[in-house]
Amino acid sequence: MILQKVKKEDSNPLHTSVLLEEVILYLDPKPNQNFIDGTIGAGGHAEKILERTGPDGKLIGFDMNPESIKQSKKRLKKYKNRVLLYQSNYSKIERVTYEQSRIHKISGILLDLGISSFQLKSKGGGFSFKIDGPLDMRFGGPDQELTAEEIINKWPEKELVNILQNYGEERHSRLIAREIVRSRKTKHIAKTNELVEIIEKVYSNKPKPRRIHPATKTFQALRIAVNDELNSLRRMLPQALNILSPKGRIAIISFHSLEDRIVKQFFRQESKGCLCPPEFPVCRCAHKKQLTILTKKVITPSLEETKQNYRARSAKLRVAEKI
């Protein structure tokens with residue numbers, strides 16, 4: 001594979017695209033090819049893809065957040081009818097691509113699973129434990145029913161423990177869940193700062209120093225639960241394989257071990273032929289190899305990138321090519 005150096009600048013001051021150079025090098029977009037950005041955000045990755053797929057290559061962009069669609073539409077307006085944007089979850093990628101965009105030849109698919117900077121900085125989103133706001137955390141805004149506020153105030157203690165353990169990998173999940181239930185008996189928990197105070201109370205008796213803020217894992221767990229992120233990813237991956245053209249590539253940037261594990265396992269499974277247990281004398285599954293893994297070792301940001309964009313520090317990129 002011939003890799004061409006890519007300029008890293010990102011024109012949006014509210015969001016810096018993570019692993020931009022590496023994504024373009026591995027997706028290797030060429031003139032007139034069609035691509036999908038399943039999490040278009042502010043459009044940074046999409047813009048670089050469009051620069052290389054003219055004059056007729058199309059870019060299909062998905063995002064649940066209406067503000068993301070608005071920002072990317074503004075940023076990519078010079079590409080006119082080459083850009084098709086949908087306010088939709090990427091778990092519907094196959095149906096939307098075939099039925100609405102009617103584009104049937106896809107050379108590459110990108111997912112950047114990180115939350116955007118402008119979402120984190122939004123007071124109304126409730127995504128950040130550093131900014132006081134409503135306990136919302138819905139990527140899709142009012143179109144979604146479930147909120148973090150509902151989970152915190154109505155879900156049973158056992159369910160709170162489950163999501164904190166399974167989605168946040170929070171070691172003090174039981175203590176935090178117990179304190180949430182105790183606190184909500186006397187006062188409805190509606191603000192992010194109120195939840196942070198509850199978590200910090202639990203952590204106040206724990207050893208210091210800590211590498212991350214005590215609320216980090218709880219907020220991650222709630223966000224994943226509200227938006228059903230892991231199940232959406234699981235549903236999307238086989239669809240992506242279906243719509244990719246032969247030699248088409250899929251690149252996924254994850255930001256925590258739960259997402260990365262799902263991607264890694266899917267890539268590994270689809271890069272094998274028979275999946276039968278080794279004790280089977282003959283293959284019974286009829287599974288065929290469909291992917292070649294291009295990133296034998298996961299790609300992480302350079303030291304230079306993490307210095308310029310601290311939020312990129314946990315990013316991991318995996319890329320595979322359809323056979």
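Coordinate-derived values only; no laboratory data. Here the structure is a predicted model, which means the values were calculated and not measured. Note that each Cβ is placed from the backbone with ideal geometry, even for glycine, and that neighbours are counted across all protein chains shown.
Side notes on the structure shown:
- Total residues in region 126-137, condition touching a strand residue (DSSP E or B) at 6+ places or on another chain (Cβ under 9 Å) and exposed (fewer than 15 other Cβ atoms within 10 Å of the Cβ): 1
- All positions within region 200-223 that are under 23 Å from Ile151 (Cβ atoms), assigned to a loop (DSSP other than H, G, I, E, B) and among the small types (Gly, Ala, Ser): Ala215
- Failed item, numbered, when Val226 is tested on (1) of a type in the set (Val, Ile, Thr); (2) in contact with a helix residue (DSSP H, G or I) (Cβ under 8 Å, 6 or more places away or on another chain); (3) surrounded by fewer than 18 Cβ atoms within 10 Å (Cβ to Cβ): (3)
- Among the residues examined, Arg138 qualifies as in contact (Cβ under 8 Å) with a residue 40 or more places away in the chain and part of a loop (DSSP other than H, G, I, E, B).
- Within region 71-86, the set of residues being more than 16 Å from Thr53 (Cβ to Cβ) and surrounded by fewer than 18 Cβ atoms within 10 Å (Cβ to Cβ) comprises Lys73, Lys74, Lys77.
- The helices (runs of 4 or more DSSP H) found entirely in region 9-122 that carry 2 or more residues being farther than 16 Å from Phe139 by Cα and in contact with a strand residue (DSSP E or B) (Cβ under 8 Å, 6 or more places away or on another chain) are 20-27, 44-52.
- Residue match in region 138-159 (condition: surrounded by fewer than 18 Cβ atoms within 10 Å (Cβ to Cβ), small (Gly, Ala, Ser) and either closer than 29 Å to Ile252 by Cβ or under 23 Å from the mean Cα position of the chain (by Cα) (or both)): yes
- Candidate set from region 241-261 (those that are part of a helix (DSSP H, G or I) and touching a Leu at 6+ places or on another chain (Cβ under 8 Å)); member that is nearest to Asn34 (Cα to Cα): Leu241
- Scanning region 289-323 for residues that are touching a residue at least 12 places away in the same chain (Cβ under 8 Å), within 21 Å of Arg211 (Cβ to Cβ) and either assigned to a strand (DSSP E or B) or within 20 Å of the chain's Cα centre (by Cα) (or both) returns Val298, Thr300, Pro301, Glu305, Asn309, Arg311, Ala312, Arg313, Ser314, Ala315, Lys316.
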